[in-house]
Every structure is written in structure tokens, then in C-alpha cells.
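Readers should treat all values here as calculations from the given coordinates under stated rules, not as data from a laboratory. Since this is a predicted model, take the numbers as computed values, not measurements. So basically every Cβ, Gly included, is an ideal-geometry build from the backbone, and we count neighbours across all protein chains shown.
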Amino acid sequence: MSTNNTNGLKLLLHSIDSSGRFQEDTTGRGRDESPEIVLKGRDPDGASVAVTLEDMTHPLFGTMTHWLIWNIEPTDRIPSAIPHGKEVGSLSARQGLAYGWHRYRGPKPPRGKTHTYRFTVYVLDERLDLSARSRRKALLRAIEGHVLQRAVIEGTFE
């Protein structure tokens, strides 16, 4: 599935089908592995890429962050199954603290409940100097004034 964008950036995620539903393999009920993310129209002047995944309909918190990764080398394809850990050497990236501590944690709402999840990809004009202990708020503060492009894609899972 593809998404709307800002400044010409478009995302393609095959893990979200044409009806907007996550395929099970990238969820907590499947392999719980990060999906491949294809970026179309990425600004060539970008110095790094950051990605967040959030549950937008969490009953207790409203929004719950599932994944944070930043300082991905500029690329048009973020591979699937990114390994766990603070540092991801193959991407020169760092993963922060979220529901998935230093890792991707896919959708897994309570059985019988449908939640909406949002991937946001940011193309930044610099690499970030953030600790791997950083959470979503710290990441968002750090990218202020450095976002060249932003694209969002949402999907649901029950």
C-alpha cells in the first residue's frame, strides 16, 4: 500500500494490503519483523532517515509508540527484519525505547479489538546525536527544523 506525503515523498509497504490491513507476518501474531519500506521521491540532499510506528488507538494511552529508529543512511529501501539492538550496524542506525525496546514490535491489539497503526518516515537534513535510551518525544524534539520530507501510512489490525 502507498500513502500520501509531504514534499514529494511516497511510501510503499507491502505489509499493508489494499484494504489498509496489516498482513500478519509483520505483527505480534506473526513473525513480528519490521516490514520493508520503500521510499519514492526521497530528497537526495537528505543526510538520514528516521521511522516511527505508533498505535493511534491505544485504550489507555491514546497513542503508544511501538518502534523508533533513526540515523538510517539515506536510502530508497529500508530492508525488512531489522535486527534487535540499540545499534543497527548494517544501516548505521540507532533504535530507541518504545514498546519494542531497541527493536520493532508490530501490531498486536487485544483479540477482538481493531487498532489503527501509523508509520511515519522522516527524511532529515542531518544525523541525530541521540542516546539509544531516547523515546518518541526526544526524537521529535531533535528533528524539529531538520525535516526535509515526511510521509505517513496507516493500517489496521485486529
**Most fluctuating residue given options 42, 77, 136, as computed from a GNM of the chain linking Cα atoms under 10 Å** = 77
**Request:** Be a star and scan the stretch 14-36 for residues whose amide nitrogen sits under 19 Å from the point 7 Å along the Cα-to-Cβ vector of residue 114.
**Result:** 15-29
**Message:** Give the separation of the Cα centroids, the stretch 105-154 to the stretch 1-60, in Å.
**Reply:** 10 Å
**Request:** Lys and Arg at +1, Asp and Glu at -1: add these up for the other residues within a Cβ distance under 12 Å of residue 126 and post the number.
**Result:** -3
**Message:** Can you work out the Karplus-derived ³J(HN,Hα) for every residue in the stretch 71-81? Use 6.51 cos²θ - 1.76 cosθ + 1.60 with θ = phi - 60°, whole Hz, and x for glycine or proline.
**Reply:** 6, 5, 4, x, 7, 9, 8, 8, x, 7, 6
**Message:** Taking the alpha-carbon distance from residue 40 and a cut-off under 20 Å, which aspartates and glutamates remain once sequence neighbours fewer than 8 residues away in the same chain are dropped?
**Reply:** 17, 73, 76, 125, 126, 154
**Request:** Going by C-beta contacts inside 10 Å, put 88, 49, 152 in order with the fewest on the left.
**Result:** 152, 88, 49
**Prompt:** In units of 2.2 N^0.38 Å, what is the alpha-carbon radius of gyration of the stretch 5-157?
**Reply:** 0.97
**Fill in**
Put in order of increasing Cβ neighbours within 10 Å, starting from the fewest, 64, 56 give 56, 64
**Request:** Extending each Cα 7 Å along its Cβ direction at residue 43 and residue 132, get the distance between those two points in nm, one decimal.
**Result:** 2.9 nm
**Message:** Using 10 Å bins from zero, what percent of all Cα-Cα pairs in the stretch 1-68 falls into each bin?
**Reply:** 16, 45, 32, 6
**Request:** Could you please report the charge total around residue 40, scoring K, R as +1 and D, E as -1 over all other residues with beta-carbon less than 11 angstrom from its beta-carbon?
**Result:** +2
